[in-house]
Structures are given as structure tokens and as C-alpha cells.
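Q: Take this structure first; my questions come after.
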Amino acid sequence: MPKYFYRKMLTEKYAYDTLTKIHVLVAKLRIVILGPPGSGKGTYASRLTNILGIPHISTGDMVREEIRAQTEIGRKIREYSDRGELVPDEIIIGLLIERLKKPDAQKGFILDGFPRTIGQAEALEEITSIDVVINLNVPDEIIIQRLSNRLTCRRCGAIYNRLTLKPKVDEICDICGGELYQREDDKPEVISERLKVYRRSTEPLIDYYRKRGLLKDVYCNDLMTPPDVIVNEILKIIRGQK
Ligand code: ADP
Ligand code: ZN
């Protein structure tokens with residue numbers, strides 16, 4: 001085999017695309033999904049991870065796991081999370097750096113919920129480079145409806161919705177049989193705080209990444225748009241068709 005192809009095989013890999021039913025060549029891909037709470041970051045990222053064969057890294061899930069396991073970090077960050085505030089940069093950056101060192105993240109990743117401040121974006125830039133930033137644009141009315149009807153699996157973190165993405169059996173996860181619950185920060189009084197925090201701390205990242213030529217906008221203006229439609233849009237962007 002010519003050396004060139006051998007090298008190519010080592011650095012590139014094929015992933016099975018369940019939408020187009022073909023194997024697609026994917027180079028190392030480092031993706032950030034940016035968007036307000038309830039814009040669908042987690043839902044889309046969890047589908048993309050299966051299609052692209054790279055891990056879905058959700059700092060929100062990591063935060064909830066630390067809290068559930070009652071680690072020292074978990075005890076420090078619980079209150080921030082329950083109030084809908086951001087966990088301090090140094091703690092979340094520390095958690096993310098450790099996560100990105102794991103072997104599965106060496107072939108690429110989908111970051112969901114990180115970075116959320118300019119400080120976090122700068123820290124990320126120091127440890128790795130990003131190939132594309134998907135910016136989800138969703139009107140506030142949809143966000144509020146989504147979040148207040150969102151249910152999360154206590155065991156595996158899968159996301160459901162009482163209006164749009166119902167589980168097959170009430171209050172039970174389709175995937176793992178775990179119990180579904182309403183997150184503390186999905187309660188109405190906390191949702192508006194999270195939106196404020198997003199506007200103040202995270203929205204500036206849109207310009208930050210636009211200036212670097214990495215930002216790609218995706219729009220969802222209808223609560224009933226099936227997740228696969230948006231996932232397809234994102235795949236087109238990733239493949240450079242948009
Ligand atoms: P959302 O649905 O609001 O996008 P996440 O599940 O991503 O929520 O995050 C839940 C909570 O975890 C946040 O409100 C915040 O307290 C904490 N958190 C997650 N990621 C970060 C981050 N990158 N920086 C600071 N806090 C974070
Ligand atoms: Zn589950």
C-alpha cells in the first residue's frame with residue numbers, strides 16, 4: 001500500500017451516517033455547539049455523537065454528575081447550578097481540561113455547554129483548536145416552552161419533552177428505563193435567570209467566534225421542528241456543503 005494512503009488511514013476514519021446510510025470520511029473534528037439554554041444543544045449533540053463517532057462532552061452533565069456523586073467539587077458547585085448561575089471559570093475549566101485528556105477525545109469531540117464565557121473560550125484556545133462553532137438561534141418563547149416541559153433521565157441524562165419528545169412510557173426513559181425528572185434549574189423561576197446569564201456572559205462568544213471565522217448559524221423558529229431536521233443542517237455545515 002502506498003505510504004500516503006497508509007498515513008491517511010491512520011489520521012482519518014470513516015463513520016456510518018444513519019441519515020444518509022453511507023460511510024462518510026471524517027477527519028478529526030472539534031465542534032462547539034453554542035446557544036441559549038433550551039436551544040437543543042444537548043439533544044443535537046447526543047445525536048451527532050452517534051453519527052460522527054466522536055464523544056459528546058457536556059459540561060452541564062459533568063456538573064450534574066459531580067453533584068450527584070457528592071464529590072468535593074460537587075458540593076462547591078451545587079448552589080450555582082441550582083440557582084441557574086455559572087459555575088466559576090477555574091472550576092469548570094479544570095473539569096474540562098481533565099475530560100479532554102481522555103483517549104476518546106483525541107479523535108475530536110462535540111462540546112455542549114462550554115465555553116460559556118470569554119475567559120473559558122480563551123482557556124480552550126490554549127489547550128486545543130476548534131474547527132467549527134455551531135450557533136443555535138432560537139426565539140425566547142420557544143426556549144421557555146421547551147425548558148418548562150423538559151424531562152431528564154436521572155440515570156443516563158437522556159432528554160425528553162412533555163410536548164414534543166414524549167417517552168414511550170410516562171416518566172420512564174426509553175433508553176435505560178431510568179426515572180425522568182424535572183431539573184432543579186428547569187423550574188420557571190430559574191429559567192429567566194439562566195436566560196439573563198446567557199445574554200450577559202455567553203452571547204459575547206458569538207462575536208468572538210465570528211471574528212475568528214468559525215461561526216455557523218443554524219435557525220430553529222418552530223417548537224415542533226423534529227431534531228433530525230436540525231441535525232441534518234448541522235451535518236451539511238460540517239461537511240462543508242453550507
Ligand atoms: P443549559 O440547559 O442551561 O444549557 P447545562 O446543562 O449546559 O444547561 O448546564 C447546567 C448548569 O451547569 C449551568 O446553569 C451552570 O450552572 C453549570 N455549567 C455548565 N456548563 C458550564 C460552563 N461552561 N461554565 C459555567 N457553568 C456551567
Ligand atoms: Zn435513561
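The values are calculated or read from the model by the stated rules, or taken from the named source; none is laboratory data. From a predicted model like this one, the values you see are computed outputs, not experimental measurements. FYI the Cβ positions are ideal-geometry reconstructions off the backbone, even for glycines, and counts take in every protein chain you see.
Q: For residues that are assigned to a helix (DSSP H, G or I), free of Cβ contacts under 8 Å to residues at least 40 places away in the same chain and either among the hydrophobic types (A, V, I, L, M, F, W, C) or surrounded by 18 or more Cβ atoms within 10 Å (Cβ to Cβ) (or both), tally how many sit in region 167-201.
A: The number of residues fulfilling the criteria is 1.
Q: Restricting attention to region 54-98, and to residues there that are within 16 Å of ligand 2 (Cβ to nearest atom) and in contact (Cβ under 8 Å) with a residue 24 or more places away in the chain, which single residue is nearest to Leu124 (Cα to Cα)?
A: Among them, the one singled out is Ser58.
Q: Specify which of the listed residues (Leu111, Leu151, Leu147) is part of a helix (DSSP H, G or I), within 14 Å of ligand 1 (Cβ to nearest atom) and surrounded by 16 or more Cβ atoms within 10 Å (Cβ to Cβ).
A: Going through Leu111, Leu151, Leu147 in turn, just one is part of a helix (DSSP H, G or I), within 14 Å of ligand 1 (Cβ to nearest atom) and surrounded by 16 or more Cβ atoms within 10 Å (Cβ to Cβ): Leu147.
Q: With the requirement that a residue be under 25 Å from Glu125 (Cβ atoms) and either without any contact (Cβ under 8 Å) to a residue 24 or more places away in the chain or within 9 Å of ligand 1 (Cβ to nearest atom) (or both), what does region 32-53 give you?
A: Matches in region 32-53: Gly35, Pro36, Pro37, Ser39, Lys41, Gly42.
Q: Take the conditions among the basic types (Lys, Arg), within 14 Å of ligand 1 (Cβ to nearest atom) and over 22 Å from Leu48 (Cα atoms) and apply them to Arg194. Does it pass? Give the derivation first.
A: Working: among the basic types (Lys, Arg): yes; within 14 Å of ligand 1 (Cβ to nearest atom): yes; over 22 Å from Leu48 (Cα atoms): yes.
Yes.
Q: Can you run down the residue pairs with Cβ atoms below 7 Å, 6 or more apart or on separate chains, where the first is in region 144-158 and within 20 Å of Gly84 (Cβ to Cβ) and the partner is within 11 Å of ligand 2 (Cβ to nearest atom) and not in a strand (DSSP E or B)?
A: Arg154/Gly178
Q: Restricting attention to region 213-233, does a residue exist that is surrounded by 14 or more Cβ atoms within 10 Å (Cβ to Cβ), modelled with pLDDT of 95 or more and more than 17 Å from the chain's Cα centre (by Cα)?
A: There is no residue in region 213-233 that is surrounded by 14 or more Cβ atoms within 10 Å (Cβ to Cβ), modelled with pLDDT of 95 or more and more than 17 Å from the chain's Cα centre (by Cα).
Q: Another question about this same structure. For region 34-52, how many residues meet the condition of being basic (Lys, Arg) and within 19 Å of Leu86 (Cα to Cα)?
A: Total satisfying the criteria: 1.
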